[in-house]
Structure formats: C-alpha cells, structure tokens
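Visitor: Structure in structure tokens, see below.
None of the figures in this text is laboratory data; all of them are computed from the coordinates on show. None of the values given here were measured: they were computed from a predicted structure. Cβ sites come from the backbone with ideal geometry, for glycine too, and all protein chains shown count toward neighbours.
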Amino acid sequence: MNRICVVGTGRMGKGLALAFAYAGLPVALIDSEVRDRKAFESLERATRDELDSELRFLQTAEVLNARQSGAILDRIRILDWQGANADLAAADGIFEAVVEVRDIKRRVYDWIVDYASTTAIISSTTSTLSANDLAGLVTHPERFVNAHWLNPAHLMPLVEVSPADRTSKENVDKLVSLLERVGKQPVVCKASPGFIVPRIQALAMNEAARLVEEGIASAEDIDRAVRVGFGIRFATLGLLEFIDWGGGDILYHATRYLGDNVDPNRFNVPDIVQDNMANERNGLRDGEGFYDWRTREVEEYRREKLTDFVRLLQFQNLMPPPSD
C-alpha cells in the first residue's frame, strides 16, 4: 500500500496526510465538498498554510529541520472533488475523514466507489459509527474497515482498527501493516460503539467532572492528580496489566467500597473480575489474571517496568533529587 488518498480536509484529514507524508508516502488530500474554482483555491491556500504551520512547530520542537519539513509538505497534493478521480482509481488505501453525519458519509462513499479499485481498502476515521453500519455503504464490503485515529493524528501513536463482520482478515492485516510502516501502534477491536479509548476516556472524564460537581476537589487539583498520578502510571502499565500487578482482589474490594459509599451504578464489579478472584486468578502473585504470568520471569518483568517508570519520572522532572 503505497498510494494513499485522504478524503476530507478538516483537522483529522490534515493530520492523516501529515502522518503518511512524514513517513515518506505521497498523499492526495481531497476536498470532500463541491466548490467553484475560487472557493477551492482559497481552501487550498488555507489548508497548505495549516499544514506548514504544523510542520514549523515540529521544527521549533527540534523534531524536523527545514529541509525535511519542505519535503513532507511537497508529498501532499491538495485536490478538489472534480480533480481527484484518477487518484482514487489508483489508490491502494482510501481514508475517509469527513464529518460524523451518516448521510454525508453516504454521499462521499457513493463517489469513492464509483472510481476506486475494488481491491482498494476503504477506511473511516469515525469515532462513533459502527464499521458494520458504514460497510453497508460501499461495494465489496470485505475491503471496509474503521481506523480510528486520535487527535492530533500525525502525533498520536495509537490507531484503533475496527473491522466489520464482513471485512476480510487479509485486508485487516494489510491495514495494520501499513499503519505500522508509518510508525503507528495499531490495536484491533470488534465493531462496537466507542472502540477502546473513547469508552475508557468517557468514563474517566465524566468521573472527573462529577468530582468538581460534588465539590470534592478543584479542577486544577483533579487535573494535576491525573497528570502526575493516573496518567504517568498508565504510560508505563496498561490498565489490565496494573490490575494484575496489584491484584484483582484489591480492585474488587475497592470497587465494592466505592459502590457502597458513592454510587452502586457507577461503581460495580465486572463479572470477569469476580470470576478471576473466585478462581484465584488475581494476577502476578497467582501466576494468572488478565495475562498468563506462568511463563514469565516475574522479577525481571517488575524491574523492567519500574526502570521504565523511573526514567519517565526523570524525563518529566518528577523524580526528586536524593538528599545528601
């Protein structure tokens, strides 16, 4: 997959174009609206200025030099609706990045499938619509797969890949391979509302808002707690990995306490945590949990993770200096 089209020139579309161009791939960034020549030329100038601004920021952050920035920008061609048909026909991968309105996406897909090769993988960056729903809007639905990029798309490593029921494994593998080639960290999840990150994120953000609402702490202190406690911890350990690290039984009892004293609807123990606890699969100390630790050298694993954590603290200037 070397010939890439991104349809939609909004924030997400520009981010995808930068991600592919940064990795050395030429990209056709296509306006999804039909405009007259003057309106398109105005959009083209504004889009190129925004792309250039993002790249100049990376220069100030000493990620790129001016030559590299210019080369990345040169790999992105901005096309109007009428001038993109040949690029769509030649594309290996087509990434739709238009607004989250099904009727608008339907119009865009009707146009794409008129010109795209039947073997081109078609992907949506949607964060809300199911892959099964959108796959029904294209011909040869085995080639359709959601790829949810996080903003800013050119910087965030994660892409959540969500195939539809009819998506072929071959096409999922091709998309994952492409994403890895451009430096992303793809994860695969079933077609489900919210994918992975938005579901976890929505719960965490709403709970943070409730803490302010209930007068538990100020917004500033809650955000500081997240940055230097919650966030920095889970930059080293995943959530399920952390459950195994501390013990699923600890999560069980903490959740029960919060349910009894805060809200039983917000804090209730999932069946899988209760089942693991009942069957002595509490994590590292039992050899099993969400992960199988029986084949791992646990002490070596602990040292590696703690070393990563200390280095992250040092990088963030959060590791206090030792006293003399």
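Visitor: For Glu288, list long-range residues whose amide hydrogen, built 1.01 Å from N in the peptide plane, is under 5 Å from its own amide hydrogen.
Guide: Asn282, Gly283, Trp293
Visitor: Continuing with the same structure: Please work out how much length the chain gains when fully extended from Lys190 to Ala202, using 0.36 nm per residue of separation minus the C-alpha to C-alpha distance, in nm with one decimal.
Guide: Extra length available between Lys190 and Ala202 comes to 2.5 nm.
Visitor: How high is the relative contact order of the stretch 21-123, in percent, with contacts defined as C-alpha pairs under 8 Å that are six or more residues apart?
Guide: Once divided by the residue count of the stretch 21-123, the mean separation gives 34 percent.
Visitor: List the residues, sorted by chain then number, that are 5 or more residues from Val188 or on another chain and whose placed amide H is less than 5 Å from its amide H.
Guide: Those lying under 5 Å, H to H, from Val188 are Val161.
Visitor: Be a star and scan the stretch 242-267 for residues whose amide nitrogen sits under 19 Å from the point 7 Å along the Cα-to-Cβ vector of Arg285.
Guide: Within reach of a label on Arg285, which here means backbone N under 19 Å from a point 7 Å along Cα→Cβ, the stretch 242-267 contributes 242-257.
Visitor: Could you state the angle between the C-alpha long axis of helix 298-315 and the longest principal axis of the C-alpha atoms of the chain, as a value from 0 to 90 degrees rounded to the nearest 10?
Guide: So the helix axis and the longest Cα principal axis differ by about 60 degrees.
Visitor: Compute the helix-to-body angle for 197-213: its Cα long axis versus the longest principal axis of the chain, expressed 0 to 90° and rounded to tens.
Guide: Relative to the chain, helix 197-213 is tipped by roughly 60 degrees.
Visitor: Of the listed pairs Lys14/Lys38; Lys174/Lys305; Lys190/Lys305, which have alpha-carbon separations greater than 27 Å here? Spell out each step's value before the answer.
Guide: Numbers: Lys14/Lys38 21 Å; Lys174/Lys305 32 Å; Lys190/Lys305 29 Å.
Too far apart for the 27 Å limit: Lys174/Lys305; Lys190/Lys305.
Visitor: With n ≥ 4 as the cut-off for DSSP H runs, can you work out [θ] at 222 nm for the chain, using -39500 (n - 2.57) per run divided by the number of residues, rounded to the nearest 500?
Guide: Counting only the DSSP helices, I get -15000 deg cm²/dmol.
Visitor: Measuring from label point to label point, each 7 Å out along Cα→Cβ, what is the Met156 to Ser168 span in nm?
Guide: About 3.0 nm, to one decimal.
Visitor: Using DSSP, restrict attention to beta bridges with both residues in the chain and report what percent are antiparallel, rounded to the nearest 5.
Guide: Looking only at bridges with both residues in the chain, the antiparallel portion is about 25 percent.
Visitor: In 10 Å bins starting at zero, report the fraction of Cα pairs in the stretch 26-141 per bin as a rounded %.
Guide: Calculated over all Cα pairs of the stretch 26-141, the distribution is 12, 37, 33, 17, 2 percent.
Visitor: Here's something else I'd like to know. For Glu214 and His253, what is the calculated FRET efficiency with R₀ set at 25 Å and r taken between the beta-carbons, to the nearest 0.05?
Guide: Computed FRET efficiency for Glu214 and His253: 0.65.
Visitor: Please state the shape class of the stretch 283-324: rounded when a/c is under 1.5, otherwise prolate if a/b exceeds b/c and oblate if not, all from the C-alpha gyration tensor.
Guide: Note, shape of the stretch 283-324 comes out prolate.
Visitor: Once fully extended, how much extra length lies between Val228 and Leu306, figured as 0.36 nm per residue of separation less the alpha-carbon to alpha-carbon distance?
Guide: Numbers: separation 78, 0.36 × 78 = 28.08 nm, distance 1.57 nm.
Value of the extension gain: 26.5 nm.
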